[in-house]
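Enquirer: What follows is a single structure, and I will ask about it in a moment.
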Amino acid sequence: MNLQTNYGDKCFDWGRQYDHGLHGQNFLSTASTTPPHWVYPVAVVGGPCADPTQPCYTVHVQNGRYTQPSTIINQIQRLKPGMWYVLQAYILVTGTNPKYTSNMNRWDCTSSNPAEHWSNVTVRYCWSDYQQILQAIAADPNITVTDPLTLGQEWGRPFN
């Protein structure tokens, strides 16, 4: 809190905090007018697959389970006017990990069923599932896609 209040809030329009209970729902008026101007992003993450009948269900990952595209799409569809959603991804992958790789990073995005997609590293997420999320956003005429700077300038945060 101290870093955001004394430094981040003076240099950036928004500071990020992760609160999974909020499901990415941010109220623009509150984030714009209440210091230290937090925004609550949602990151899609890898992990064990969601299908308990598959061997990938028991893949060991520090925490969490592979984010299903439907979870993100449902969160976005629950947004109301005056709310915004910050979606982020770290490393988007396709297919399966290369056979020649010498590190222990593994993933499999080859199934047509997202419930069978998995990664043993939380920062890896299947590109095909991310595309599914992007297509759902593009199909909704009530959603405006923008960047933090444009949004900040629109709401007078603080460097317009």
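Enquirer: Could you say whether any residue in region 94-105 is without any contact (Cβ under 8 Å) to a residue 24 or more places away in the chain and either surrounded by 17 or more Cβ atoms within 10 Å (Cβ to Cβ) or closer than 19 Å to residue 39 by Cβ (or both)?
Expert: Within region 94-105, one or more residues are without any contact (Cβ under 8 Å) to a residue 24 or more places away in the chain and either surrounded by 17 or more Cβ atoms within 10 Å (Cβ to Cβ) or closer than 19 Å to residue 39 by Cβ (or both).
Enquirer: Quick check: anything in region 114-130 open to solvent by 40 Å² or more (accessible area, probe 1.4 Å), under 15 Å from residue 72 (Cα atoms) and within 15 Å of the chain's Cα centre (by Cα)?
Expert: yes
Enquirer: Among the residues of region 64-86, how many are more than 19 Å from residue 130 (Cβ to Cβ) and either open to solvent by 100 Å² or more (accessible area, probe 1.4 Å) or of a type in the set (Lys, Arg) (or both)?
Expert: Qualifying residue count for the region: 3.
Enquirer: Can you name the residue in region 1-39 that is under 13 Å from the mean Cα position of the chain (by Cα) and over 29 Å from residue 94 (Cβ atoms) and, of all such residues, is modelled with the lowest pLDDT?
Expert: 22
The values are calculated or read from the model by the stated rules, or taken from the named source; none is laboratory data. Computed from a prediction, not measured in an experiment: that's the story for all the values here. All Cβ positions, even for glycine, are placed from backbone atoms using ideal geometry, and neighbour counts span all protein chains on display. Only protein heavy atoms, including side chains, enter the accessible area calculation; ligands, DNA and RNA are left aside. Shrake-Rupley method; radii C 1.70, N 1.55, O 1.52, S 1.80 Å.
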